[in-house]
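First comes the structure, then the notes that go with it.
The values are calculated or read from the model by the stated rules, or taken from the named source; none is laboratory data. Keep in mind that what you see is a predicted model, and the values were worked out from it rather than measured. Here the Cβ is made from the backbone with ideal geometry for all residues, glycine too, and neighbour counts use every protein chain on show. Just so you know, the surface numbers come from the protein's heavy atoms only, side chains and all, with ligands and any DNA or RNA stripped out. Shrake-Rupley method; radii C 1.70, N 1.55, O 1.52, S 1.80 Å.
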4 protein chains.
Amino acid sequence: MPIRVGVIGAGIMGADHIRNLSTTIGGAVVTFVADLDAGRAAAAAPRAARITTDPSELINSSEVDAVVVASHDSTHAGLVLECFEAMTPVLCEKPLAPTLLESLEVVAADADIVAATGASLLSLGFMRRFDPGYVALRQSVQDRAQGEPLMVHCTSRNAAAGPGTTSESAITNSAIHELDIIPWLLDSRIMEVSWQAGRSSRHAEGGLQDPAFMMLRTADGTVTTLELFLNAQYGYTTSCEVVSELGTTGLKDSALLGVRQDGISRTGIPEDWRPRFADAYRLQLQAWISALAEGEQPPLAGAQDGLNAAIVAQAMIQSLHSDGASTKVSYS
Amino acid sequence: MPIRVGVIGAGIMGADHIRNLSTTIGGAVVTFVADLDAGRAAAAAPRAARITTDPSELINSSEVDAVVVASHDSTHAGLVLECFEAMTPVLCEKPLAPTLLESLEVVAADADIVAATGASLLSLGFMRRFDPGYVALRQSVQDRAQGEPLMVHCTSRNAAAGPGTTSESAITNSAIHELDIIPWLLDSRIMEVSWQAGRSSRHAEGGLQDPAFMMLRTADGTVTTLELFLNAQYGYTTSCEVVSELGTTGLKDSALLGVRQDGISRTGIPEDWRPRFADAYRLQLQAWISALAEGEQPPLAGAQDGLNAAIVAQAMIQSLHSDGASTKVSYS
Amino acid sequence: MPIRVGVIGAGIMGADHIRNLSTTIGGAVVTFVADLDAGRAAAAAPRAARITTDPSELINSSEVDAVVVASHDSTHAGLVLECFEAMTPVLCEKPLAPTLLESLEVVAADADIVAATGASLLSLGFMRRFDPGYVALRQSVQDRAQGEPLMVHCTSRNAAAGPGTTSESAITNSAIHELDIIPWLLDSRIMEVSWQAGRSSRHAEGGLQDPAFMMLRTADGTVTTLELFLNAQYGYTTSCEVVSELGTTGLKDSALLGVRQDGISRTGIPEDWRPRFADAYRLQLQAWISALAEGEQPPLAGAQDGLNAAIVAQAMIQSLHSDGASTKVSYS
Amino acid sequence: MPIRVGVIGAGIMGADHIRNLSTTIGGAVVTFVADLDAGRAAAAAPRAARITTDPSELINSSEVDAVVVASHDSTHAGLVLECFEAMTPVLCEKPLAPTLLESLEVVAADADIVAATGASLLSLGFMRRFDPGYVALRQSVQDRAQGEPLMVHCTSRNAAAGPGTTSESAITNSAIHELDIIPWLLDSRIMEVSWQAGRSSRHAEGGLQDPAFMMLRTADGTVTTLELFLNAQYGYTTSCEVVSELGTTGLKDSALLGVRQDGISRTGIPEDWRPRFADAYRLQLQAWISALAEGEQPPLAGAQDGLNAAIVAQAMIQSLHSDGASTKVSYS
């Protein structure tokens, strides 16, 4: 029998998840969709699915085996805790919560459930962990194909920042992906961070410092650099190059077609993160559903990963507020 | 309810289809697997599926809504006709049949069904039609983004030819993909072909001419060239570049990682066609299942496409046997 | 003492040679420039150089040690023969002559001089032989780094054909470069050729078939393909890929800068052949001057190479006039 | 008449300069070579050139119009000052001097000559300023083709550090190229620097921190990052990407050939800086010689550029000695 999934939030991400669960994932069926906007829920939901404006109704429905939370960030922690009460597996979009306090609350509740049942109900949507490129890069690091990693260079660029983005939210919403992926990639926790202002683009509004430049030092001594540029205009790209003792390994930009016209040779660049990470979202959902079907712990990021990323983000914000001072990360 | 699929043939391709249908395709479940080797069927089948050594049992089972034929080429036509009798939709791996005569028989039976029911039961596994690169290339041609296409250059290279490959079977089994994809790409039938021997590799055995060079002229006047090299040793690649009035558009080789080590900068090349076309196989199966679920005609290649490719292949073999003479293709 | 060079022809190519000889070549000085248009000669000549409208005056001047012929194709053979009479080394731009008859005459005169003096006075400007890419490609073939070469694929594309270009002159003026470079690359003479019309671009005027597709078979059995497209619009590129028993080696397009902007990642394409082959022209001139300074035979193409290319071009034109029939090349 | 050049130092760089001046530069002749090792001088010198073990003899020879200083760093300042006394134009390899004090002395002497004669005699061999890639990148920045530059990312990697390299000498000898090129590229002085240790490679000997990571802030607010890795093992590469308001522009790695073999697609990487910057050295020498021939001020870096780079290098070393503290650069 397929896993019956309820999806909370029918915005861009929620609708993508519904489409994936309905057409490109084996063993799942979307039975329930919740959104404050009933029309939006109806537009995104499959024909046979129920819709509601009340997420609690969905979470507690006997027709839902598992829940995807893709609603506003501010609702994440509360909905996850409701799923815990219903003992329903939940895949929550990042971030776990907008505040450290809420994240800690979720982690504590998750720990109680693990203690009681031996398994966690919570999976966190750090989808880059399922991107084939990042997966291959991590494998290469783990194999020490080029010896010890020494330095990592990342860039993360969007065409345009969302309205109201601040230098702080750029960290908690965008850089958060690297704050999760780097410890995962290197198998080493981030111990120290610093944040540097670059010259800011005229396209950065409301005091946003953009691009920003960040440095992370993991426990293994490796230094990771990150240029985060949310108003890069040209499109959406992420890069990650690991510099090791015997060579370098980095993500390749992929493109289906190469074109020569008008004096240039060109390939396309994605407009935003969704085409870039379409495979990652699909494979993440598939891994989640397949594990649930097998009764196994899903191999996605978990509550502690979400908390760790949030803790590092707070340290980064502290560096930002301290004129770029190098800032230790405390996990306790 | 998911489409219940029976898979005939549990070899490399069949096992891949079973894995895809079970884990990366929405709305399908594999309920039955047939293989002459019961152990191989059992190894490839999901736990809940039945197995048999008798494909007819599978085709006529009430637990099977649709059939995938991935058994030996020589069995294709017969099994497809059995599916027709059972009025069961069938996805048959290419080729439709090893002989023109059998292909014609299938096409005639298919036409009878279409005449009687308004729809075809047969889909043919020319999976390149679902490869995102070929799809984007076709879209570019259809949009006339660079004006009229004038010439197309293809290469198709394998690491090593299978045992017993002949210059003729290289056409019917390997070049057949281009013989299908070029008319699909250009929306124009192949009217004339020629086959040229190159200097043959020492790795080509048993009189196989390898590489071979072929030319196709479509009704629109476009000349397509194809280098087919089955013992290319270095790995598996296909290329396709369309030269148009305002520029060129071609497939890009994709690679997840770029590596610099030991004085070279490198990317990996697939060992065989399966990693290269993994997405194409998945998307083709998904399109087939989704159409069946919606009660629509699947958008895969059909009987006539299979026949057309077989007719062109025969003309190419005739050119081969005529010292490379340019040979007209007759479809009537 | 520097070699004192007289340059005949102060058009685009002649002016380039003068600039190279004056500023990027060691051991040379341009002392004399001849052009039918005295103003053009004066504009191109260095301050200290003499100018004339009479090439014979230049050839026979006591201030000229060596002559570069960069005037109209129709004048090449006559001027080269004058240089022979003056016993002056000459670097003649390709082609040696527009007709086979004249080419034969030059080759005969050259042979007489070689017989008498042991050295040839004539160097022919097939500059691709000095392009670092073609040189490296030839080295790779000679080293058999990938075993025996089996097939070669070339494309040669210009933005727009010159006025009055015919299908025949496209062979004698443009394809001539591949007709020279392939035997040089493979160390094997071209024995058979054929010419195929593609669908012609609307930008091709006056009955010119463009693009055209040619095949060359060398004595070693290797098949070389050439797409020649003079109205490719997008810019100037040449490609050459050698397919060998263990892999492929091909020229890389080079570009100084990679740019990401407006949703695309791009590199520039040269407008015409001069930036593409600027290094080749420079290195060819340097090799010529250095050899003259050392009293050695210059390592450039010679009279026989020019004749051979002309003979193959004639066979290709014969194929063109015979509906693409495969045509043997006779060198005797 | 060609410029008669005397070359001091016949080591790797000196021998390269002699070869360039003799064979690929117009208007120059090497008439004198000095080296402490007379045999090395003789081996590197052209046949007609004199040799000596006494650089002063060369500088003061009536057969020398201009001097190239390619001897040990410790001799640079003294030899340049001798050239000043002889009123002979001199091209000095970088660095101007190993100490700030000596650099200041040279700058003062240079200023006296400029005051007296209106022109400087000193050119400094920051050859990257003549690399076609860096030149095109600078042009792009100056044209503001992508609006204002905001951030620059550089990497500079060697296969193996020379013996005795320290973290300090890595700055003054290797990073010095970026310390010169960045103000030249952005047309803005470096005002603040910091130095960060990465995890050090096991191939780094004697306490050398390698790779190191540096940040430069120019007066325009742009932040430049530099990874300097002298034991990168894989070969020699430099990268430079300018991130601007509308996009990015970066140097492309160039390679003559692309090869597919043994399951990989590859291009070659230079072993050291000489093939990478061969064109830059040639073009720099050519620009120097051409300017001398025309009686113009050579367009190479000058004394003040050398001093500025040395001042920034000292600030960088101060940051290194201050645990990576951000350090202001004072030019007065």
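Backbone phi angles across the range B:126-138, fed through the Karplus curve with coefficients 6.51, -1.76 and 1.60 (θ = phi - 60°), yield HN-Hα couplings of 7, 5, 4, 4, 10, 5, x, x, 5, 4, 5, 5, 5 Hz in residue order; Gly and Pro are listed as x. Shielding value for A:239-246 is 5, the average number of Cβ atoms from other chains within 10 Å of each residue's Cβ. At q = 0.09, 0.17 Å⁻¹, what log₁₀ I(q)/I(0) does a Debye calculation on the Cα points of the range D:3-125 give, no solvent, two decimals? Log10 I(q)/I(0), no solvent term: -0.22, -0.78.
The residue in chain A that lies nearest, by its beta carbon, to the axis linking chain A with chain D is given here with the distance in whole angstrom as A:THR225, 3. Our note on the geometry: Cα centres of the range B:13-69 and the range B:173-221, 34 Å apart. The 3J(HN,Hα) values that the Karplus relation (6.51, -1.76, 1.60; θ = phi - 60°) gives for the range C:251-268 are, in residue order, 5, 9, 5, 10, 8, 6, 10, x, 10, 10, 6, 6, x, 9, 10, 9, 10, x Hz. Gly and Pro appear as x. Inter-chain neighbour count for A:224-231: the average number of beta-carbon atoms from partner chains within 10 Å of each residue's beta-carbon is 3. Protein heavy-atom accessible surface, 1.4 Å probe, per residue over chain A: 37 Å².
Taking amide H as placed 1.01 Å from N in the peptide plane, the amide H of B:VAL223 sits under 5 Å from that of B:VAL152, C:ARG199, each at least 5 places away or on another chain. Charge tally for D:LEU257 (other residues, Cβ to Cβ under 14 Å; Lys, Arg +1; Asp, Glu -1): 0.
In nanometers and ordered shortest first, the copy-to-copy spacing of the B:SER56 label point, defined 7 Å from Cα toward Cβ, is 6.3, 9.8, 11.0. Here the dipole of chain C is about 920 debye; that uses its Cα centre as origin and unit charges on the Cβ of Lys and Arg (positive) and Asp and Glu (negative).
Computed per residue of chain B from DSSP H runs no shorter than four, each worth -39500 (n - 2.57), the mean residue ellipticity at 222 nm is -10500 deg cm²/dmol.
Protein-only accessible surface at a 1.4 angstrom probe places the residues A:ARG274, D:ARG260 in the order A:ARG274, D:ARG260, largest first. Summary value for chain C: 19 percent relative contact order, contacts being C-alpha pairs under 8 angstrom separated by 6+ residues.
Rounded to the nearest 10 degrees, the angle from helix D:278-294 to the longest Cα principal axis of chain D is 40 degrees.
A label point on C:ALA115, set 7 Å along the Cα-to-Cβ line, lies at 7.6, 8.1, 10.7 nm from each of its counterparts in the other copies, closest listed first. Coupling constants for the range D:79-96 follow from the phi torsions by the Karplus curve (6.51 cos²θ - 1.76 cosθ + 1.60, θ = phi - 60°), and in residue order they are 5, 4, 5, 4, 4, 4, 4, 7, 6, 10, x, 9, 10, 9, 4, 6, x, 4 Hz; glycine and proline get x. Relative contact order, whole percent, for the range C:3-125 stands at 22, derived from Cα pairs under 8 Å and 6 or more residues apart. If you run the Gaussian network model on chain A, springs between alpha carbon atoms under 10 Å, then out of A:ALA309, A:ALA175, A:ALA159 the most flexible one is A:ALA159. Straight-line cross-link reach from A:LYS252 at under 17 Å between alpha-carbon atoms covers these lysines, not counting any fewer than eight positions away in the same chain: B:LYS252, D:LYS252. Taking the Cα centre of the protein assembly as shown as reference, the dipole from Cβ charges on Lys and Arg (+1) and Asp and Glu (-1) amounts to some 0 debye. Using the alpha-carbon atoms, what tilt in degrees (0 to 90, nearest 10) does helix B:176-186 show relative to the longest principal axis of chain B? Once rounded, the angle reads 80 degrees. Loop-located GluC sites (Glu not before Pro) in the range D:226-312 (DSSP state other than H, G, I, E, B) with a sparse environment of at most 12 neighbouring Cβ atoms within 10 Å: D:GLU296. A cut-off under 10 angstrom between Cβ atoms defines the neighbours of B:THR165, and their net charge, with Lys, Arg +1 and Asp, Glu -1, is -3. Helix B:12-23 and the long axis of chain B differ in direction by around 60°, with both axes built from C-alpha atoms. Expressed per residue, the C-alpha convex hull volume of the protein assembly as shown stands at 190 Å³. On the beta carbon distance between B:GLU148 and A:GLU168, with R0 = 56 Å, the FRET formula returns roughly 0.55.
A label point on D:GLU148, set 7 Å along the Cα-to-Cβ line, lies at 4.2, 5.1, 6.5 nm from each of its counterparts in the other copies, closest listed first.
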